[in-house]
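> Quick one: the structure is below, questions incoming.
Read-outs throughout are calculated quantities, based only on the coordinates presented, and are distinct from any laboratory measurement. Model, not experiment: these values are computed from the prediction. Counting neighbours? That spans all protein chains shown, and the Cβs are built from the backbone with ideal geometry, glycine included.
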Amino acid sequence: MIKPALADALSVPRDQFTSQHAGRIAYYADPAGEGRPLVLVHSINAAPSSFEVRPLFEHYRGRRPVYSLDLPGFGYSERLDRVYTPELFSAALAEFLTRIVKQPADVLALSLSAEFAARAALDVPGQIASLALVSPTGFSLRPLPGLRMMQITHRLLTLPGLGQWLYDLVASRRSIRYFLGRSFSGEVPTAMIDYAYATAHQPGARHAPLTFLSMQLFTPDAIGQLYSRLTGLPVLVIADRDPYITFERIDAFVASHPNWQQARLEPHLGLPHWERFPETVAALDGFWTLTDRTR
């Protein structure tokens, strides 16, 4: 099958650096503007990339320095057949912050990448000035499968022939349209479907997503291991409903952690910066203004 060409996800120059932990990492940057840098981190699924954060990138470019990186195994970053772990993703983000951004930044992360961003904040104290977490994982009452079950699932998913066949199913245009459609109350932008399909059909595209499907990229007890340890760091959670995760534990957690704030921006299904853009920007700007005042 002919691989579709992959355009740049954002309308700024794309660059790259070689991570000690994760190989070649691609990123987009517009350093124009004043103030604290903003780093945007896409989610993890079968076909993610910096395209997911495009509305926010385009809005803030020129107003402040803004960056978006393609995480290991996705977009224009290296897509090796390797062991993918939560630590690998958080290390790539931490290294990006220390080597490329080089100053404390506001970080916004989507879904599972919220866990990676929280881990990075713990690994490189001072490099993250605040966290905005959109539909973060780790707040569900539903337990993760046991480690043994995850390992068995991953072995099955990566069997020769079977893994590629399964990935081809979830990365088909019909499947991408269906799964993205569950995250939109209205129509999914055609450009988003097209880009997801293209990025999902690059060489090596199956490796990281198959690890994700085995659930091995999730942190057991993310609240205890990650979120509750972010003492003193301003954190904003934006979460209403999501077809893939639930948030039963967020209200009580935020109420008991004074450095955390919550904005529902209801109704949305996990991508408020696409469907409720003005409200999302207002919530983010208010959060960052408040953190500046209290810093």
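> Give me the compactness ratio for segment 178-241, meaning the Cα radius of gyration over 2.2 N^0.38 Å.
1.55
> Quick one: order Ser228, Ser77, Ser11 by neighbouring beta-carbon count within 10 Å, fewest to most. Please list the in-between numbers first.
Numbers: Ser228 15, Ser77 23, Ser11 12.
By the 10 Å Cβ count, ascending, the order reads Ser11, Ser228, Ser77.
> Using 10 Å bins from zero, what percent of all Cα-Cα pairs in segment 162-273 falls into each bin?
Here the calculated profile for segment 162-273 is 12, 32, 32, 22, 3.
> Suppose a student asked you for the relative contact order of segment 205-295, using Cα pairs under 8 Å spaced at least 6 residues apart; what percent would you report? Don't skip to the end; give the middle numbers.
On the way: 62 pairs, mean separation 22.4, N = 91.
Across segment 205-295, relative contact order equals 25 percent.
> Something else about it: Cut-off 10 angstrom, C-alpha nodes, Gaussian network model of the chain. Which of Leu112, Leu180, Leu271 fluctuates the most?
For the chain, modelled as a Gaussian network with Cα springs under 10 Å, the answer is Leu180.
> Calculate the spin-label point distance for Ala255 paired with Ala5, positioning each point 7 Å from the Cα along the beta-carbon direction, and give it in nanometres.
With each label placed 7 Å out from Cα toward Cβ, I get 5.5 nm.
> Considering the convex hull of the alpha carbon atoms of segment 83-232, report its projected area averaged over all viewing directions, in nm², one decimal. All intermediate terms of the calculation are to be shown ahead of the outcome.
Working: hull surface 41.6 nm².
Over all viewing directions, segment 83-232 projects a mean Cα-hull area of 10.4 nm².
> How big is segment 212-276 by Rg and Dmax over its Cα atoms, in Å?
13.1, 34
> Can you list, bin by bin at 5 Å, the percent of alpha carbon pairs in segment 1-139, starting at 0?
Result, from short to long distances: 2, 11, 22, 26, 22, 12, 4, 1, 0, 0 percent.
> Continuing with this model, one more query. Evaluate the distance, in nm, between pseudo-label points positioned 7 Å from the Cα of Glu248 and of Tyr178 along their respective Cα→Cβ axes.
Label at Glu248, label at Tyr178, 2.7 nm between them.
> Which whole-number percent gives the relative contact order of the chain, counting Cα pairs below 8 Å spaced six or more residues apart?
Values: 552 pairs, mean separation 60.0, N = 295.
Answer for the chain is 20 percent.
> What is the projected area of the convex hull of the Cα atoms of the chain, averaged over all directions, in nm²? Show your work: numbers first, answer last.
Values: hull surface 56.7 nm².
Hull-based average projected area comes out at 14.2 nm².
> Volume per residue, Å³, of the convex hull around the alpha-carbon atoms of segment 67-168?
Values: hull volume 13.3 nm³, N = 102.
For segment 67-168, the hull spanned by Cα atoms encloses 130 Å³ per residue.
> Who wins for biggest fluctuation among Gly138, Gly270, Gly126 in a Gaussian network model of the chain, springs between alpha carbons below 10 Å?
Gly126
> Quick one: if you stick a label point 7 Å off each Cα along the C-beta vector at Arg14 and Ala282, how many nm between them?
Calculated label separation equals 3.5 nm.
> Please return the longest stretch of the chain lacking exposed loop sites, where GluC sites (Glu not before Pro) count only if DSSP places them in a loop and at most 12 other Cβ atoms lie within 10 Å. Working shown, then result.
Details: sites that count: Glu34, Glu187, Glu248.
By the stated rule (loop sites, at most 12 other Cβ atoms within 10 Å), 35-186.
> What are the ³J(HN,Hα) values, in whole Hz, obtained from phi via the Karplus relation 6.51 cos²θ - 1.76 cosθ + 1.60 with θ = phi - 60°, for each residue of segment 22-39 in sequence order, with x given for Gly and Pro?
Running phi through 6.51 cos²θ - 1.76 cosθ + 1.60 with θ = phi - 60° gives 10, x, 6, 10, 8, 8, 10, 8, 10, x, 5, x, 10, x, 6, x, 10, 10 Hz.
> Counting other beta carbons within 10 Å of each residue's own, what order do Arg264, Arg155 fall into, fewest first? Present the calculation step by step, with values, prior to reporting the outcome.
Values: Arg264 16, Arg155 11.
Going from sparsest to densest Cβ surroundings: Arg155, Arg264.
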